[in-house]
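The values are calculated or read from the model by the stated rules, or taken from the named source; none is laboratory data. For clarity, every value in this text was computed on a predicted model and none was experimentally measured. FYI the Cβ positions are ideal-geometry reconstructions off the backbone, even for glycines, and counts take in every protein chain you see. Quick note on the areas: whole protein, heavy atoms, side chains included, nothing else; ligands and nucleic acids left out. Shrake-Rupley method; radii C 1.70, N 1.55, O 1.52, S 1.80 Å.
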Amino acid sequence: MRILFNIIFSAILVIGLVGFWALFLNLWKPKKKWPAWVGYIIIIGAWFAAIRYYILNQVDLYGTMYYPLMNLFRTESYGFLFGLFLAIPVFIVLGLLYWAVNKIWSKTPEENRTGRRAFFRTAATVVPLATIGGSSYAAYVGQHEIEVTHESFGYTNLPPGLKDYKIVQLSDIHVGPSIDLDDLDEILKLALVEKPNRVVITGDLIDKLAWLPQVCERLTTFAKQIPDGVDFILGNHEYHHDVNKVLDELKHNTPMNILVNSNIQIMGGKQPVYIAGVAYDNDREKEKREAMIDKALSGIPDYAFVILLAHHPEFFEEAIERKIPLTLSGHTHGGQIVFMGMPLVPTGTPYTKGRYVEEQSVCYVNNGTGHWFPIRINCPREITVITFFDGVA
């Protein structure tokens, strides 16, 4: 699956890079195109080699004097590529317009044609400067901006022990190419500031397994400062890499509760409270989700108050059917690019970001505390602080 994804991604990347320059030269119309192609290939080749070197050697580069600069280069490389692809549809429109103008006014005097060429050359220069500049800014802001969101959830049947109980949700941290150990330190520090009773991590913790030992060390120190501990579930990215290695390291080298289609009781009494967690291995079939959630809820009495941790918010459908009061999810990164409240990046689910209420169930979808692609617009990275109260919001 990963090999196929890499092949498709590489093909799209090559087509985009070649298409951009071909469309640019079509508008610019230099007398000789081959020098422009040679220069472009050299620049793109050098850029690709540099970013490839960074990704392959990030762990070894971390902590060196060169790392901050290369980190910035990595972030702006995403902005450069995104801006380049944004310019392509504009170039296509301009190219068609140029062709139509020349077709309609083919007998225009030469001096008017010169002015026309100058206009389209200017447009061909301004468009990528604008798109690449804008996306580079979005990449920088998206990489550094993180929002602490406070959400209150009220229930008329709230167990007494949950009143004013505070849970911090972290999701989709993606420790790896875009989120390094320094970013993780900042995330954990911000979570501690909120003084939560417990913390839940709803999947996609790590992408670069070479950093797994250091991540375990940080999470161990962090979990010891959380009164009721830390709960963790698997996301699809753990399965993309080596899920068994991740599970083995986290189980043996951290005090976190690892919930793989299982549950734990966190409060007793007449209405006990359980946290259940389902894994997500990219299989979105209804039958598979049903089997996993049934296994995760096994042994929980019907009268219990259940908090479900589900990396993919699609599990909310099963949560509604089982009248689970609260589901905490992630995976979508909030759509990452949002205009007028609507995500422009397809997420494949109606539950994209924020709070959803259906019948007796509530789902909250975290924007992603990290990411593997830094460009964000109106959708900052998020740490969610959840507090319970007795009553209806």
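Descriptive notes on the structure:
- Coarse-grained scattering of the chain at q = 0.13 Å⁻¹, given as base-10 log I(q)/I(0) from a Debye sum over alpha-carbon atoms: -1.07
- Dipole axis of the range 156-299 (+1 Lys, Arg; -1 Asp, Glu on Cβ), positive-most option in ASN263, PHE232, LEU188: ASN263
- A P(r) calculated from all alpha carbon pairs of the range 142-274, with 10 Å bins opening at zero, reads 11, 42, 33, 13, 1 percent.
- Taking label points 7 Å from Cα along the Cα-to-Cβ direction, ASP185 and LEU97 give a separation of 5.0 nm.
- Listed residues ILE179, ILE41, ILE15, most fluctuating in the chain (Gaussian network, C-alpha, under 10 Å): ILE15
- Measuring nothing but alpha carbons in the range 271-393 and taking Rh as the Kirkwood radius, the Rg to Rh ratio lands at 0.98.
- Note on LYS270: aspartates and glutamates with a C-alpha under 18 Å away, same-chain residues under 8 apart excluded, are ASP302, ASP390.
- With the convex hull drawn around the C-alpha atoms of the range 125-208, the volume per residue stands at 135 Å³.
- The chain: most fluctuating residue of ALA22, ALA100, ALA123 per GNM, C-alpha cutoff 10 Å: ALA100
- Computed over all pairs of different Cα atoms, the Kirkwood value for the hydrodynamic radius of the range 327-393 is 12.8 Å.
- Extent along the principal axes, Cα only, for the range 1-160: 84, 48, 34 Å, with the longest axis given first.
- The range 159-229: radius of gyration and largest Cα-Cα distance (Dmax), Å: 13.0, 43
- Range of Cα positions in the range 193-245 per principal axis (Å), largest first: 33, 19, 17
- Restricting the calculation to Cα atoms, the range 203-306 shows an Rg/Rh of 1.01 when the hydrodynamic-style radius is the Kirkwood one.
- Relative contact order (%) - criterion: Cα under 8 Å, at least six apart; region: the chain: 20
- Cut-off under 5 Å, modelled amide H: who pairs with ASP231 long-range: VAL199, VAL200, ILE201, ASN257
- In the chain, the calculated helix contribution to ellipticity at 222 nm averages -16000 deg cm²/dmol per residue, counting -39,500 (n - 2.57) for every DSSP H run with n ≥ 4.
- Carbon and sulfur %, accessible surface of the range 250-393 computed with the full protein complex present, 1.4 Å: 53
- Cα gyration tensor, the range 1-68 - rounded (a/c under 1.5), prolate or oblate: oblate
- Solvent exposure of the range 1-142, expressed per residue, is 64 Å² of accessible area, with all protein chains present and a 1.4 angstrom probe.
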